[in-house]
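Since every read-out is calculated from the coordinates, none of them should be taken as a lab result. Keep in mind it's a predicted model, so treat the numbers as computed, not measured. All Cβ positions, glycine included, derive from the backbone under ideal geometry; neighbour counts span all protein chains shown.
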Amino acid sequence: MKDQQRQVISLKTQGLTYAAIGQQLGFSRQYAQYLARPDTKTCAAVLSRAQGQCEECHCSLTRGHVHHKRIRCEVDEFNSLDNLSYVCASCHARLDYASDIKRKSRGQYVDRKEERFWKIFNEAQNNA
Ligand SMILES: [Zn+2]
């Protein structure tokens, strides 16, 4: 794992958002998110395990999202096969929103807006 990737993942597992990580390290939220991604081989293994279905709701998928089940974990665990699942956009929005609510209830900083959740959720419903 490259130093920069380890640094991003380490901050992520401490509960920081990609926006906050980017700000801290001097690059964009998108680049922080890009660096934290699992490698191609791991993504391929996740996709192959899912066999074309969302691993949450089991709807059939052609283009799903790779979701991190646990954010607060060891750096090396973050992109491990066990910590990843292949999900539809609707499940991904719901799962990430649920973890935001949990963080909010623990008084941790959240910058993801509720509107963003509903935007993604509604788009996913409309495309279903
Ligand atoms: Zn789903």
Residue-wise HN-Hα coupling along the range 14-30, computed from phi with Karplus coefficients 6.51, -1.76, 1.60 (Hz; x: Gly, Pro): 8, x, 7, 7, 4, 4, 5, 5, x, 4, 5, 9, x, 9, 6, 4, 4
Label-point separation in nm, ALA124 to ALA98, each point 7 Å along Cα→Cβ: 1.1
Compactness of the chain - radius of gyration and Dmax, Cα, Å: 14.7, 41
Listed residue pairs exceeding 19 Å between alpha carbons, taken from LYS12/LYS102; LYS2/LYS102; LYS69/LYS102: LYS2/LYS102
